[in-house]
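Worksheet for the structure shown next.
The values are calculated or read from the model by the stated rules, or taken from the named source; none is laboratory data. On a predicted model such as this, the values are computed, not experimentally measured, just so you know. Positions of Cβ are backbone-derived with ideal geometry, glycine not excepted, and every protein chain shown enters the neighbour counts.
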Amino acid sequence: MRHLWLALIVSFVTLFIFSTKSAKKGLSKIVFKNTVVIATLALIALLAFNLLPSGGSRQSSNFIESGKNRILSFMSTSDDSSVSWRMGLWSDAIKKWQLSPVFGIGFGKQLSIETYDWQANEDVKNIHNSPLAILAQMGIAGFTLFAIFIFSVLGSSFKYIFEDEELKPYYIGIVASIALCLFASLFQPYLETNMTSIFFWMLLGLLSTSRFLIKQNENPANQ
């Protein structure tokens, strides 16, 4: 899924920003080496496919064409049914929310979607944009409470991240993973689906307990 590749980039950028100078150099070397290895393997695979009979060559061309189309779809979304479906739902969700911006439209409501020759009704919680789903259903009041909770955990734990040299790399990794989850939730209902949201809340819980672990390390007599 394209949004997961983008989320991975966002996570890596977050990891890079909060890393130390020496860690940044190490990450840069890892990225460079992996890029060279992946590019080399891709060229070898492409050469091998082209040396095969026409069937293998045709499969190689189809694979390359498919990959190229997926990459180009980032820049041209007008003919992408997946993007059109999401944009239609998001537009309708915003219109519904504007009818009750403070407290939202409530739970269990549906939106109508019409793309090309296809019509359907979708639950608001399934519009594939978790923050927008929260805003539409719970309004500014509910969205503000959700945002305050998330950022209060991040803010209260953030000042402790750089105080413990041993645990700092783990905390930075957790922050990067939370950034990945939040970005990805803009394109899928990851915060509504139990099998995916559980990882987000576990990461947030681990980050929240960081300050208690650091305090215990600083005052072992209180353990």
ask   = Only one of F158, F200 is over 19 Å from the mean Cα position of the chain (by Cα), within 18 Å of V10 (Cβ to Cβ) and surrounded by 15 or more Cβ atoms within 10 Å (Cβ to Cβ); which?
value = F158
inquiry  = Just the residues that are assigned to a helix (DSSP H, G or I), hydrophobic (A, V, I, L, M, F, W, C) and either within 15 Å of S11 (Cβ to Cβ) or modelled with pLDDT of 90 or more (or both), please, taken from the stretch 172-197.
reply    = I172, I174, V175, A176, I178, A179, L180, C181, L182, F183, A184
remark   = Counting only helices (runs of 4 or more DSSP H) wholly inside the stretch 12-102, the ones holding at least 3 residues that are at pLDDT 85 or above and among the hydrophobic types (A, V, I, L, M, F, W, C) are 21-51, 81-97
task = Could you tell me whether D123 is closer than 17 Å to L191 by Cα and of a type in the set (D, E)?
result = yes
inquiry  = Restricting to the stretch 182-209, give me the number of residues that are more than 14 Å from Y170 (Cβ to Cβ), without any contact (Cβ under 8 Å) to a residue 24 or more places away in the chain and not hydrophobic (A, V, I, L, M, F, W, C).
reply    = 4
